[in-house]
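Reading through the structure tokens given below for one structure.
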Amino acid sequence: MNIGNTDLGHRPVLLAPLEDITDSAFRTLCRRFGADMVYTEFVSSEALVRLAEKSNKKMAFDASERPIGIQIFGNGVEAMKNAALLAMEQNPEVIDINFGCPVRKVAMKGAGAGLLNDIPRMVAITREVVNAVNLPVTVKTRLGWDENSKYIVEIAERLQDVGIKAITIHGRTRAQMYSGEADWTLIGAVKNNPRMQIPVIGNGDITNPLIAADMFNRFGVDAIMIGRAAIGNPWIFRNVKAYFLSGELPDEPTRDERISVCLEHLRLAVQKKGETKGIIEMRKHYAGYFRGLSGFKQVRMEILNRKTYAEVAEILLNFSTPNF
Ligand SMILES: Cc1cc2nc3c(=O)[nH]c(=O)nc-3n(C[C@H](O)[C@H](O)[C@H](O)COP(=O)(O)O)c2cc1C
């Protein structure tokens, strides 16, 4: 599958953009474990003007993370165009527009999934961004605003017509937020619409290699995107791809492997964000890395009180000994 000139291979598996999670450190790990493309956390087009330094940091990435998409969101046509131009300076493979974020402070301001309520504006923003940059522009969105407005088949056509190069669809409505199950049937309907020429990337509730394969097989999508199931579990990309190749389910990572990758994540976080910030931001990853490991609760309490890399690393290393 290609997005613009970027070849992502056969049945690519992408890391979803996740605010506060998919920073440079985590993206680096996911690429190493086989994610075929990664995305930045979403960057506010308005904040890009007001808080340029913070937003620029969110858009920065290392060469080893490529191929990468920088994701932007907002409600203003002009602001989004300017944000896209700033994102273009980082020279990512893709500029992705977020029309899917359901959280109140975004959607109720008419940004993210809020634009599912104003499709003409969604199309206008997309057209303006496509025309402003000379990089492939993609969109990530949901099925519709609510149960009565699942217009994704028509929306996808209209966005294709103004020049996007791929569309990612999360199989929920805005009203659903993250509840219930993702419904992939409409994702399949977009893919099977004879008018659609661009790649369709399916997203929602992929948690293991069997589901990943099933979604490709049943709905014919060009790629899949994994979000929550990758948190504290970057191996998921390796496992999904191994299963595609061999048809056999690979072993889950051992306790020692979990801990050593978690340590590597911590090291990258500290290297990229500084010791204080890196240590604080790692806290939301531990539960994922150590899910199901005995003794984890106590270790987490200990980690929360530590402020230096050396202290946290020592606790983690001790945790990997079998007699802990
Ligand atoms: C904590 C969190 C942060 C998210 N941040 C973003 C974001 O910045 N941009 C975006 O397009 N989607 C964001 N999403 C949505 C995910 O990319 C994805 O569409 C959703 O979680 C469904 O996929 P999954 O079931 O594989 O997690 C976020 C989801 C979560 C849970």
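The range 1-67 and the range 179-221 have Cα centres spaced 21 Å apart.
Near residue 151, the amide H atoms lying under 5 Å from its own belong to 145; only residues 5 or more places off or on other chains count, and H is placed 1.01 Å from N.
Only Cα pairs under 8 Å and at least 6 apart count here; give the relative contact order of the chain as a rounded whole percent. Mind dumping the intermediate values first?
Details: 596 pairs, mean separation 45.3, N = 324.
Here the relative contact order equals 14 percent.
Structure note, pairs 58/272; 54/273; 58/140; 140/272; 272/307; 277/307: Cα-Cα distances above 21 angstrom occur for 140/272. With θ taken as phi - 60° and the Karplus curve 6.51 cos²θ - 1.76 cosθ + 1.60 applied, the whole-hertz 3J(HN,Hα) list for the range 74-87 is x, 10, x, 4, 5, 4, 5, 4, 5, 4, 5, 5, 5, 4 Hz, x standing for glycine and proline. How many angstrom lie between the Cα centre of the range 72-92 and the Cα centre of the range 242-273? Their Cα centres are 33 Å away from one another. Between residue 157 and residue 244, the modelled label-to-label distance comes to 3.0 nm, taking each label 7 Å out from Cα in the direction of the beta carbon. The long axis of helix 255-273 is offset from the longest Cα principal axis of the chain by roughly 70 degrees. Over the range 2-246, the reciprocal of the mean inverse Cα-Cα separation, the Kirkwood hydrodynamic radius, stands at 17.6 Å.
Restricting attention to the chain, close to 5% of DSSP beta bridges with both partner residues there are antiparallel. Cross-link candidates for residue 57: which aspartates and glutamates have Cα within less than 14 Å, leaving aside residues fewer than 8 places away along the same chain? Partners found: 19, 20, 23, 41, 89. Only Lys, Arg, Asp and Glu carry charge here, each on its Cβ (+1 for the first two, -1 for the last two); on that basis the range 182-313 has a dipole of about 500 debye about its Cα centre.
Which order do the peptides 191-200, 302-311 come out in when sorted by mean C-beta neighbours inside 10 angstrom, highest first? Write down the numbers at each step before the final one.
On the way: 191-200: 14.8, 302-311: 13.1.
Those peptides, ordered most packed to least, come out 191-200, 302-311.
Stokes-Einstein diffusion coefficient for the range 188-324 at 37 °C in a medium of 0.692 mPa s, Rh from the Kirkwood formula over Cα pairs: what value in µm²/s? Before the final figure, lay out the partial values.
Values: Rh = 17.0 Å.
Estimated diffusion coefficient is 193 µm²/s.
Counting only protein heavy atoms and using a 1.4 Å probe, what share of the accessible area of the range 255-319 belongs to carbon plus sulfur, as a whole percent? Carbon plus sulfur share of accessible area: 53 percent. Probing with 1.4 Å while keeping every protein chain in the model, the per residue accessible area of the range 218-312 equals 50 Å².
Just need the relative contact order of the range 255-319 here, percent rounded to a whole number, with Cα pairs under 8 Å and 6+ apart.
38 percent
The values are calculated or read from the model by the stated rules, or taken from the named source; none is laboratory data. Note that the coordinates shown come from a computational prediction; the quantities given were computed from them, not determined experimentally. Don't worry about glycine lacking a Cβ; one is built from the backbone with ideal geometry, like all the others, and counts go over all protein chains shown. Accessible surface is based on the protein model in full, side chains and every heavy atom, while ligands, DNA and RNA are left aside. Shrake-Rupley method; radii C 1.70, N 1.55, O 1.52, S 1.80 Å.
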